[in-house]
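Novice: Below you'll find the structure I mean.
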Amino acid sequence: MKTGFIGLGAVGGKLAGNLLNNGIGLTVHDLDETRVHDFIGKGASNGGSAAQIMRDCDVVITSLPSPAVSDAVLAEMLPNMGPGKIWVEMSTTDPDMIVTQAERVAAVGAVAVEAPVSGGCHRAATGNISIFAGGDRVAFEKVLPLLTILGRNVLHTGDIGSASKLKVMTNYLATANLLTLCEALTTMKAAGLDLATTYEAIRISSGNSFVHETESQLILSGSRDVDFAMDLVQKDIGLFQQLAEAHNVPLEISPQIIAMIKDGQDRYGQSAQSDRMIERLEEATGLRVLADGFPTELIDDEPPARGAEVTVTR
């Protein structure tokens, strides 16, 4: 299948790069011409526009910054969709919107698959990220060979909309974990504990998590650049809150998390790196939550390998 990729940003550029590195002929498009030229230099073709890339390709993958951008790109592609065409939306988007979008795609005879990713930009770069895929099982199996290049663990979540719901849930959990780690690290610093020792104590204990093993390192090194901005965090946790409200679930922690991230945006900028949330506590206490020996950027040290579909235990 001739494959196109739209959106070569922080995550999309790494995902598209994995396809190229694994011998997939790729046609690309991005509003940033520099990114497109970089990919052309690596062997990709210039798609020209969203409309043209859909016209020329069998499968078009999108990785875009917001639901609004996703909808605008779909509007460009839709006139060139039809039987045999598959749209794979890998952005984190509104669960209700992707259902409506999939209906519009189906109305012209094409098929939509949602496939948001989870695991961080550093794992997107190596193909070791996880992918949630929602949509028709037949269409899922057609694009599974591409998805197992893009990600290590691929989970078919059910109907369209299911993957986006699970994705905003995981981002909500990751944000909650980041904020509790900020509080934990600052409290241990205030209590006089060595922060390198504190890091290891969390890592080998029941308090450990993926967020700790990644973002705590960037906090302690002073880098605080996880390549995920607060505006994206706010979008995701807001979508999770909307989902809870739509189903009459009276959340208590979620509104507080939303307020805390908003405060971080007010202090450091709408698109400040999410790990800078630690600085709210540093300012309040006069402490610096730093330790020697931690990396300034995340490197995925797990060897790249072909992914596989995850089997759900029932």
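Novice: Among (1) surrounded by 23 or more Cβ atoms within 10 Å (Cβ to Cβ); (2) part of a loop (DSSP other than H, G, I, E, B), which single condition is T126 missing?
Specialist: (1)
Novice: Would you point out the residue of the range 1-42, among those that are more than 21 Å from the chain's Cα centre (by Cα) and among the acidic types (D, E), that is surrounded by the most Cβ atoms within 10 Å (Cβ to Cβ)?
Specialist: Among those residues, the one meeting the criterion is D38.
Novice: If A284 passes every condition in (1) assigned to a loop (DSSP other than H, G, I, E, B); (2) at pLDDT 95 or above but one, which one does it miss?
Specialist: Of (1) assigned to a loop (DSSP other than H, G, I, E, B); (2) at pLDDT 95 or above, only one is false for A284: (1).
Novice: To continue, here is another question. Among the candidates K235, K262, single out the residue that is in a helix (DSSP H, G or I) and either among the aliphatic types (A, V, I, L, M) or in contact (Cβ under 8 Å) with a residue 40 or more places away in the chain (or both).
Specialist: Details: K262 fails: either among the aliphatic types (A, V, I, L, M) or in contact (Cβ under 8 Å) with a residue 40 or more places away in the chain (or both).
Of K235, K262, the one residue that is in a helix (DSSP H, G or I) and either among the aliphatic types (A, V, I, L, M) or in contact (Cβ under 8 Å) with a residue 40 or more places away in the chain (or both) is K235.
Novice: Regarding D96, is this residue outside any loop (DSSP other than H, G, I, E, B) and within 27 Å of D227 (Cβ to Cβ)?
Specialist: In short, no.
Novice: I'm told L146 meets every condition in (1) in a helix (DSSP H, G or I); (2) surrounded by fewer than 20 Cβ atoms within 10 Å (Cβ to Cβ); (3) within 18 Å of the chain's Cα centre (by Cα) except one. Can you identify the failing condition by its number?
Specialist: In the conditions (1) in a helix (DSSP H, G or I); (2) surrounded by fewer than 20 Cβ atoms within 10 Å (Cβ to Cβ); (3) within 18 Å of the chain's Cα centre (by Cα), L146 misses (2) alone.
Novice: If L298 satisfies all but one of (1) under 30 Å from G158 (Cβ atoms); (2) at pLDDT below 95; (3) surrounded by 14 or more Cβ atoms within 10 Å (Cβ to Cβ), what's the number of the condition it fails?
Specialist: Single failed check for L298: (1).
Novice: Just to check your reading of the model, which residue among M277, M230 is without any contact (Cβ under 8 Å) to a residue 60 or more places away in the chain and either farther than 26 Å from R123 by Cβ or open to solvent by less than 40 Å² (accessible area, probe 1.4 Å) (or both)?
Specialist: M230
Novice: Related question: Determine if the range 54-64 includes at least one residue that is within 20 Å of P116 (Cα to Cα), at pLDDT below 95 and in contact with a helix residue (DSSP H, G or I) (Cβ under 8 Å, 6 or more places away or on another chain).
Specialist: Within the range 54-64, one or more residues are within 20 Å of P116 (Cα to Cα), at pLDDT below 95 and in contact with a helix residue (DSSP H, G or I) (Cβ under 8 Å, 6 or more places away or on another chain).
Novice: Taking the condition within 18 Å of the chain's Cα centre (by Cα), open to solvent by 30 Å² or more (accessible area, probe 1.4 Å) and of a type in the set (V, I, T), does I160 pass?
Specialist: Numbers: within 18 Å of the chain's Cα centre (by Cα): yes; open to solvent by 30 Å² or more (accessible area, probe 1.4 Å): yes; of a type in the set (V, I, T): yes.
So I160 passes the test.
Novice: Follow-up question, since we're still on this one. Take the residues in the range 224-240 that are modelled with pLDDT of 95 or more and in contact with a Phe, Trp or Tyr (Cβ under 8 Å, 6 or more places away or on another chain); name whichever of them is nearest to L281 (Cα to Cα).
Specialist: Ranking the qualifying residues of the range 224-240, first place goes to M230.
Novice: Open to solvent by less than 60 Å² (accessible area, probe 1.4 Å), of a type in the set (S, T, Y), in contact with a strand residue (DSSP E or B) (Cβ under 6 Å, 6 or more places away or on another chain) and closer than 30 Å to M97 by Cβ: which single residue out of T214, T170 fits that description?
Specialist: Result: T170 is the single residue among T214, T170 that is open to solvent by less than 60 Å² (accessible area, probe 1.4 Å), of a type in the set (S, T, Y), in contact with a strand residue (DSSP E or B) (Cβ under 6 Å, 6 or more places away or on another chain) and closer than 30 Å to M97 by Cβ.
Novice: Which condition number in (1) open to solvent by less than 30 Å² (accessible area, probe 1.4 Å); (2) more than 21 Å from N22 (Cα to Cα); (3) not in a helix (DSSP H, G or I) is the one that G109 fails?
Specialist: Checking G109 against (1) open to solvent by less than 30 Å² (accessible area, probe 1.4 Å); (2) more than 21 Å from N22 (Cα to Cα); (3) not in a helix (DSSP H, G or I), the one that fails is (1).
Novice: Considering L185, L155, L150, L193, which residue is modelled with pLDDT of 95 or more, of a type outside the set (V, I, T) and within 27 Å of A259 (Cβ to Cβ)?
Specialist: Within the list L185, L155, L150, L193, the selection yields L185.
The values are calculated or read from the model by the stated rules, or taken from the named source; none is laboratory data. It should be emphasised that the depicted structure is a prediction, and the values quoted were computed from it without experimental measurement. All Cβ positions, even for glycine, are placed from backbone atoms using ideal geometry, and neighbour counts span all protein chains on display. Calculation scope for accessible area: heavy atoms of the full protein, side chains included, ligands and nucleic acids excluded. Shrake-Rupley method; radii C 1.70, N 1.55, O 1.52, S 1.80 Å.
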